[in-house]
């Protein structure tokens, strides 16, 4: 006689479970390999935007630069960022000095540089975290092309920018002209910069900068009164 | 008799090989041109170099006036201009200095000039801002408070990643499950073979029912 039908039934069950486990294991491993959004580790180098950019997504056309005015507030609705903007200068190393850690909710703007809405690149800098908790630009690396950034200016106008690039620049190989310089002549551009990469506890600094680049796509003039 | 056509072909090839470098050389030297901006600069000033006529996308520009050789790069595709920048040597005497460009595997001598003068050209601003008037360095914008743990709930970047890419816990879990599954399948198939050989055919066909 055969060895019985019961072992055969359990045999198929075990085989099925084994295949299910195998597929589950491969799926979990595959998620990590492809490093999609929701992966547990963030990229430390390169073009973050490429990870989430839909194929063939068209970005809106650029708006003509508008009359310059200093920024007062910046909002990125898709990331839940809404913060006041304060003018800042450069520190001794030639980097934009972000607001002090005692004001982790404020965003700094390089006041001697381009004003948001004018032709050129306006530079905004914010902390990713303090030494104990997340800060204003903690979620910045999740920005993706097509996201909107709204800057309210001292003249009441709200300038709307659209993100077109998100990149990580390591400190050791820092391309300042690409981070701080305008990318296309005649366009009003905006950079949102914070720290990223891995944290060196001995030096007290992060290993890279996360740079979100956006360009002007709209402006709404607040009617006075 | 067959040696004649061979000899003629060899002679033709030799002629082409002799003439080609001369033709190529005449074209190349006439085609490459280097432009320095500003064309008149002070010692220690930054200058840009633009080179036209190189077929490749990289090259070097040299001059006794430059503090270092200029690495030239250009956009994809040969025939586009190449760009680079450097600084005029400090303490250099006034005069006109020649620029030589190396590209496409050869030197192109004296294809540009730069004038050095200690007097600032009138179109430059007289008030020279400090060296760091525009930002040049990466920002220091984080205290490291969120770097200790990976927090998938928050879309943060402030995470320590000692390896690029795979998260270790997920990798081990995935590989462990795959290993368990492989062992289970192998175990099952060995039991099936043992059952099949028990019926005497040993061909391994069919499932483990061993129909008699």
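Where a number appears in this text, it was derived from the coordinates with a stated rule and is not lab data. None of the values given here were measured: they were computed from a predicted structure. Glycine gets a Cβ as well: all are built from the backbone with ideal geometry, and neighbour counts include every protein chain shown.
Some points to look at:
- The DSSP beta bridges internal to segment B:32-116 are antiparallel in roughly 95% of cases.
- For the pair segment A:96-142 / segment A:163-225, the C-alpha centres are spaced 9 Å from each other.
- FRET efficiency for the residue A:82 to residue B:117 pair, using the beta carbon distance and R₀ = 56 Å, is estimated at 0.55.
- Of all DSSP bridge pairs formed entirely within segment A:68-150, close to 65 percent run antiparallel.
- Per residue, the average separation of C-alpha pairs within less than 8 Å and at least 6 apart gives segment B:32-116 a relative contact order of 35 percent.
- Prolate/oblate/rounded call for segment A:55-137, Cα gyration tensor, a/c under 1.5 rounded: oblate
- By the compact-protein rule of thumb, 2.2 N^0.38 Å, the alpha-carbon radius of gyration of segment A:107-159 corresponds to a ratio of 1.31.
- Shielding score for A:11-20, defined as the mean number of other chain Cβ atoms within 10 Å: 4
- Packing, taken as the mean count of other beta carbons within 10 Å per residue, orders the peptides B:98-105, B:172-179 from highest to lowest as B:98-105, B:172-179.
- Legend: mean number of C-beta atoms from other chains within 10 angstrom of residue C-beta atoms, peptide A:206-215, equals 3.
- Averaged over B:172-181, number of beta-carbon atoms from partner chains that fall within 10 Å: 6
- Distance in nm between pseudo-label sites at residue A:203 and residue B:94 (7 Å out along the Cβ direction from Cα): 4.5 nm
- Prolate/oblate/rounded call for segment B:32-116, Cα gyration tensor, a/c under 1.5 rounded: prolate
- Sequence-separation-based contact order of segment A:66-168, relative, with Cα cut under 8 Å and 6+ spacing, percent: 28 percent
- Label separation (residue A:112 vs residue B:194): 8.1 nm, computed from points 7 Å beyond Cα along the C-beta direction.
- Applying 1/(1 + (r/R0)^6) with r as the Cβ-Cβ distance of residue B:179 and residue A:133 and R0 = 60 angstrom yields a FRET efficiency of 0.90.
- Note on residue A:177 and residue B:110: the model spin-label points, each 7 Å out from Cα along the C-beta direction, lie 3.0 nm apart.
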